[in-house]
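Trainee: One structure follows; several queries about it will come next.
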Amino acid sequence: MKSIEHVRTFAATPAQVFEALMDSKKHAAFTGEPAEIDRKVGGAISAYGGKVVGINLDVIPNERIVQAWRPANFPPGVFTVLTYALAADGKGTKLTFTQHAVPDDAYAHLDKGWDERYWQPLKAYLEK
């Protein structure tokens, strides 16, 4: 198992970044794929039309999101743990992202996928 860590800065407030990640319609708008997100702790998450599912483990609005998350192609019962930490950074937001318990054979795909399918489209969405 491996861990992924990405640090990105967005020209948006922590509240705007949080809402893009946790609001079903905004999430779908920046990813271009259907999303259903129950924002409360214990709430279910579905992104990319059900290709990714999970549950919220901890939610502190505008500060932190912790989720147990799995793509549909993971073996049954295998989850990774994601943390999105948000902090005001000058006129924007510093997002520190970690994903723990990533299966070795999924690491390269997921590491690249976060940049291509999340950070780049999120930046374009927030900074338009």
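All of the numbers you see were taken from the coordinates with simple rules; none came from a lab. Since the structure is predicted, the reported quantities are computational estimates derived from the model, not experimental observations. Virtual Cβ from ideal backbone geometry, glycine too; neighbours counted across all protein chains shown.
Trainee: Let me spell out the model: positive unit charges on the Cβ of Lys and Arg, negative unit charges on the Cβ of Asp and Glu, origin at the Cα centre of the chain. What dipole size does that give, in debye rounded to 20? Display every interim value, and only then the final one.
Mentor: On the way: 15 positive and 15 negative charges, 47 e Å.
I would put it at about 220 debye.
Trainee: Please arrange 25, 128, 94, 51 by counting, for each residue, the other beta carbons lying within 10 Å of its beta carbon, fewest first.
Mentor: Values: 25 9, 128 6, 94 16, 51 12.
If I rank by nearby Cβ atoms, fewest first, I get 128, 25, 51, 94.
Trainee: Amide H to amide H, which residues 5 or more places from residue 64 or on other chains are under 5 Å from it, using H placed in the peptide plane?
Mentor: Long-range HN contacts for residue 64: 86.
Trainee: Which residues in the range 31-74 place their backbone N less than 13 Å from a point set 7 Å from the Cα of residue 81 along the Cα-to-Cβ direction?
Mentor: 57-58, 66-69
Trainee: Which lysines have a Cα lying under 24 Å from the Cα of residue 123, excluding residues fewer than 8 positions away in the same chain?
Mentor: 25, 26, 51, 91, 94, 112
Trainee: May I ask you to sort 119, 69 by Cβ crowding, counting other Cβ atoms within 10 Å and putting the fewest first? Walk me through the intermediate numbers first.
Mentor: On the way: 119 16, 69 20.
Neighbour counts put them in this order, fewest first: 119, 69.
Trainee: Between residue 60 and residue 88, how many nm apart are label points set 7 Å from Cα along the C-beta direction?
Mentor: 1.5
Trainee: Given the rule -39500 (n - 2.57) for each run of at least 4 DSSP H residues, summed and divided by the residues of the chain, what is its mean residue ellipticity at 222 nm, to the nearest 500 deg cm²/dmol? Numbers along the way, then the final one.
Mentor: Working: 4 runs with 32 residues, N = 128.
Computed mean residue ellipticity for the chain: -6500 deg cm²/dmol.
Trainee: Follow-up. Can you pull the Rg over Rh of the chain, Cα-only, Kirkwood? Could the numbers behind the result be given before it?
Mentor: Numbers: Rg = 13.6 Å, Rh = 14.6 Å.
Ratio of gyration radius to Kirkwood radius for the chain: 0.93.
Trainee: Find how much the distance from residue 116 to residue 72 grows on full extension, using 0.36 nm per residue of separation minus their present alpha carbon separation; answer in nm with one decimal.
Mentor: Values: separation 44, 0.36 × 44 = 15.84 nm, distance 1.89 nm.
The residue 116-residue 72 span can extend by a further 14.0 nm.
Trainee: Now a separate question. Towards the positive end of the charge dipole of the range 2-126, with charges on Cβ (+1 Lys, Arg; -1 Asp, Glu), say which of 76, 50, 24 has the farthest Cα.
Mentor: Value computed over the given set: 24.
Trainee: Now, a different point. For the pair residue 40 and residue 23, how long in nm is the line joining their label points, each one 7 Å along Cα→Cβ?
Mentor: A separation of 2.1 nm, rounded to one decimal place.
Trainee: Output wanted: per-residue J couplings in Hz (rounded whole) for the range 47-62, from phi through Karplus 6.51 cos²θ - 1.76 cosθ + 1.60, θ = phi - 60°, x for Gly and Pro.
Mentor: 10, 6, x, x, 6, 10, 9, x, 8, 7, 9, 7, 9, 10, x, 6
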